Structure formats: C-alpha cells, structure tokens
Amino acid sequence: MSKRASIIVVGAGIGGLSTAVALRNANVDVEVYESLPEIRTTGTALGIASNAVRVLTELGIDLTGDGQELLNFEFRTATGELIRKLPIAQMTENLGAPTISIYRNELLDVLAAAAEGIPIHRDWAVDSVSINGKVTIVGVDGRTATADGIVGADGIRSTVRAHIAGAAEVREAGYVCWLAVIPFEHRGLARGDALHYWGAGQRFGLIDIGGGRAYWWGTKTMPIGQARGTKQEVAAAFAGWAPEVCAAIDQTPDDAIITVPAQDRPFLRRRGAGPVTLVGDAAHPMLTSLSQGAGSAIEDAYVLGRSLADTTDPATAFRSYEKARQRRTRWLVRTSRSVSLMEQISHPVPRTVRDYLLRHLPDSVVRRQYESAMRFDL
C-alpha cells in the first residue's frame, strides 16, 4: 500500500475546513493551522448557493436543517418598487439543490463538526513557507510544521499566496459595504426572502436567514477612507428608501455593524508551485454579486480532494486540481466584478437601461445567466 500523503491546510475558515474534510475523505493525512486562538465569533451571513450545497452533501455535510432555504429573490428600486423576481423554484429544481441563507458562524460550526478528529492547531500564525523536499511552514513565533504539501486557505491577504505570487495589494472596487445580522420581523420581509434594492451608486440587501433573524448589507460608492461605519452614517445613506430597509437599519445596534471595503484581486494564473497550492479567497477572491465566494471555495475543496485521491504525490495532484479549476474560477472573478460594477452604477442613463433590461428580458435569459454561476458538475 502506498504511503498516504500528509497535507497542511493553512486557515480554518470555510475554505480551510471544507478542504480538510475533503482531504480526509480522500484518505489523506491532514492537519489545519489557524492564526486565531478560537473559532471566530464575529461575522454576518452568506448565501450557500445550489452548487455548494450539492458539493457539501457529496462531502457528507447536510445543510438542509441549518439556515433558511431561499424561497423568493427580488430586485427592487430604492423605494421598493419591483424590478424583477427570479424564478427561484424553477432554478433550484433545475440545479438539484436549494440555496441556503445562513449565519456565517453557524456554517463554521457545521463544518467544524464535520471536521471532528482532524487536528486543528489554533493560535498558529504563519510567517513564511519554505520547500526543501517537503514543505515547512514557519510561525511568527518560530515554530515549524512540515508535510508533503501545503494548501493555503488563509484568505485574501494569504501568506501562502505571497510565497507563490509575491506580495501585492488587493484591488479596490470603489465602494464600501456595511453588514449586520439582527433579530428582525417586518411585513416587508417574508420567510425565505432575499430582497435587493438598487439606487444610484448604492445597493441594499435584506435576507431572511431563519430563526427570526435578518442579514442586511448596504453599499455606497465612496472613498474607502471616508467610511466611519456608524449607524448614523448608514441611516443617512439610505434615508427615504423602502420602509423595511429603514426599519432594519433603525433596529440595528451601532456595534453590530461591520464595515468592509469591496475588494478582490486580479485573477492569478499560477496558483501553485511544487507541493503548494491555494483554495478560496487565497486563490481567487471575488466581489460578492454572484454570492460565490464561499461556494467556489467549497468547490475547490471537493476538486482538490478528488485530485489527491488519485495520487500520493501532492505536486501532481495540485497541478491537476489547478487546471480543473482555472476556467470556472476565472469566469467567477471576472463576472462577479462586472456584475458588481453594473449594479453599483451611479449615472442615471445607464441605470435606466440596466433596470429596463432586467425588467423585460425573457425569463429564460435571466435564469440562464444566474444559473450559470450556480451550476457545478460533480
């Protein structure tokens, strides 16, 4: 029997834990190294689209009892007038799985439970990576760990990515995002709703995530350094918007609002070298308009596990995985950015054209556009 490969996964977020489970399923010896001392308890929510729900099921992880299944998706004007309702029931039937809106911390709990038994070393921040036959990570405190291969799942500012591609600044999209999860009930938000409101250089999302809670996010085109992230600032930005939007902001405690810049990176053609590769935001961080940041990381994990199941040589498996993921992840990064910038338009003329097209395009065209992001061949 061939010796099992040993793999270090750097990062215990969604991509890292999914990767650890996929590698264990592929009969790989895997350990996870995470810079935080405990599971992160801050965060908001996200949509796990049909493609990622199917992958998680294949990995033995069932999300159907967690979060809230998406039942209704609407685009609206700032004041709440309907622009377009997506045919979600038909889409999920075609795709073979629901989309789940879920609190990020609860998703991490589900993944951590699935990864039970896999060693997770916390409070272990990686400073550098070296290759000398095997691969060694060096901690900021001088500790070292060695394995046959390393998977960087350490986010948009990945240390492992810097080892492969060099240090580089992230790419700003020119707008700020405010996010929060709150207890919320309002006649304007029904069970399973995901409502997106479009204004001039501003957007707002209001999503039911189950348990009497809503996840909301707001965007505004502005210099990143000017955003203060206060409730007063957010309320002023969305004054006069739909009643449920204003109510959600009004019912949000000041300290519940998280402020982040909209950022991604240009697509990385070479995401690996030797026995080192990347998954998720370390490999292909993207803007949020397709809701595929987490989903694409979960897909990465699955494909990487399949690749390592076929060989005990990490470098060979990593190149196979990278080739398999190149086309789709490049498309997701580029399309997420183009859709995001289209949604964020400020000028009234292109905004009018955008809204007209979204109102009047045939269902088949609109459905095909959105389904393409959520379609993944297992």
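The values are calculated or read from the model by the stated rules, or taken from the named source; none is laboratory data. Keep in mind that this is a model prediction, so the values were computed, not measured. Neighbour counts run over all protein chains shown; Cβ positions are idealised from the backbone, glycine included. Protein only, heavy atoms only, side chains kept; ligands, DNA and RNA dropped before computing areas. Shrake-Rupley method; radii C 1.70, N 1.55, O 1.52, S 1.80 Å.
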message: Just to confirm the number: angle between the C-alpha axis of helix 14-25 and the first principal axis of the chain, 0 to 90 degrees, nearest 10?
response: 40
query: Tell me, in nm to one decimal, what length is gained between S130 and T311 on full extension, where the rule is 0.36 nm per residue of separation less the Cα-Cα distance?
result: 62.9 nm
field: Alpha-carbon centroids, the range 287-316 and the range 185-241: separation in whole Å
entry: 31
message: For W217, what accessible surface area do you get with a 1.4 Å probe? Give it in Å², rounded to 10.
response: 40
- line: Computed ³J(HN,Hα) along the range 255-270: with the Karplus parameters 6.51/-1.76/1.60, θ = phi - 60°, integer Hz and x for glycine or proline, the list is 7, 8, 8, 9, 10, 9, x, 7, 9, 8, 9, x, 4, 8, 5, 10
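Taking the Cβ-Cβ separation of E116 and Q369 as r and a Förster radius of 35 Å, what is the calculated FRET efficiency to the nearest 0.05? Can you show the working numbers first?
Numbers: r = 39 Å, r/R0 = 1.12.
E between E116 and Q369, to the nearest 0.05, is 0.35.
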field: Cα-based helix-to-principal-axis angle, 348-360 vs the chain, degrees rounded to 10
entry: 80
query: Which cross-chain or sequence-distant (5 or more) residues have an amide H under 5 Å from the amide H of G80, H modelled 1.01 Å from N in plane?
result: A242
- prompt: Which aspartates and glutamates, on any chain, are close to K134 with Cα under 14 Å apart, when same-chain ones fewer than 8 places away are left out?
  reply: D148, D313
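Please express the shape of the range 67-140 as an equivalent ellipsoid: the semi-axes are the square roots of 5 times the eigenvalues of the C-alpha gyration tensor, given largest first in whole angstrom. Could you put the intermediate results ahead of the total?
Numbers: eigenvalues 359, 60, 41 Å².
Working through the eigenvalues yields semi-axes of 42, 17, 14 Å.
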query: So how tilted is helix 314-343 from the main axis of the chain? Cα-based, degrees 0 to 90, rounded to 10.
result: 10
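Can you figure out the FRET efficiency of D29 with R157, using R₀ = 30 Å and their beta-carbon distance, to the nearest 0.05?
Details: r = 28 Å, r/R0 = 0.92.
Efficiency, from the Cβ-Cβ distance: 0.60.
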- line: Note to self, the chain gives a 222 nm [θ] from helices alone (DSSP H runs n ≥ 4, -39500 (n - 2.57) apiece, / all residues, nearest 500) of -11000 deg cm²/dmol
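Let me have the relative contact order for the range 98-178, percent, based on Cα pairs under 8 Å that are six or more residues apart.
On the way: 56 pairs, mean separation 13.2, N = 81.
Once normalised by length, the contact order is 16 percent.
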- prompt: Label points 7 Å out from Cα along the Cβ direction at T352 and D377: separation in nm?
  reply: 4.4
query: For the chain, what is the relative contact order in percent, using Cα pairs closer than 8 Å and at least 6 residues apart in sequence?
result: 23
- request: Per residue of the range 79-89, in order, report the coupling 6.51 cos²θ - 1.76 cosθ + 1.60 (Karplus, θ = phi - 60°) as ³J(HN,Hα) in whole Hz, putting x for Gly and Pro.
  value: 8, x, 5, 5, 9, 7, 10, 7, x, 4, 4
In Hz, Karplus ³J(HN,Hα) per residue of the range 132-141 (6.51, -1.76, 1.60; θ = phi - 60°; x = Gly, Pro): 8, x, 8, 10, 10, 9, 10, x, 5, 9
query: Efficiency by 1/(1 + (r/R0)^6): what FRET value for S338 and R191, r their Cβ-Cβ distance, R0 = 30 Å, to the nearest 0.05?
result: 0.40
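Which whole-number percentage describes the relative contact order of the range 125-167, with Cα contacts under 8 Å and a sequence gap of 6 or more?
Working: 51 pairs, mean separation 13.2, N = 43.
So the answer I get is 31 percent.
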field: Placed amide H near R171: partners under 5 Å, 5+ positions off or other chain
entry: D264, R265
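Given the C-alpha atoms of the chain, compute the convex hull and give its volume per residue in Å³.
Numbers: hull volume 50.8 nm³, N = 378.
About 134 Å³ per residue, rounded to a whole number.
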- prompt: Within the chain, what percent of beta bridges assigned by DSSP are antiparallel, to the nearest 5?
  reply: 70
field: Proximal charge balance of V366 [Cβ under 12 Å; K/R count +1, D/E count -1]
entry: +3
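Given the Cα-Cα distance of R228 and R359 and 0.36 nm per residue of separation, how much length would full extension add, in nm?
Numbers: separation 131, 0.36 × 131 = 47.16 nm, distance 3.49 nm.
Extending this stretch completely gives an extra 43.7 nm.
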message: Residues of the range 302-316 with backbone nitrogen within less than 18 Å of a virtual label 7 Å along the Cα-to-Cβ line of A273, please, listed as ranges.
response: 314-316
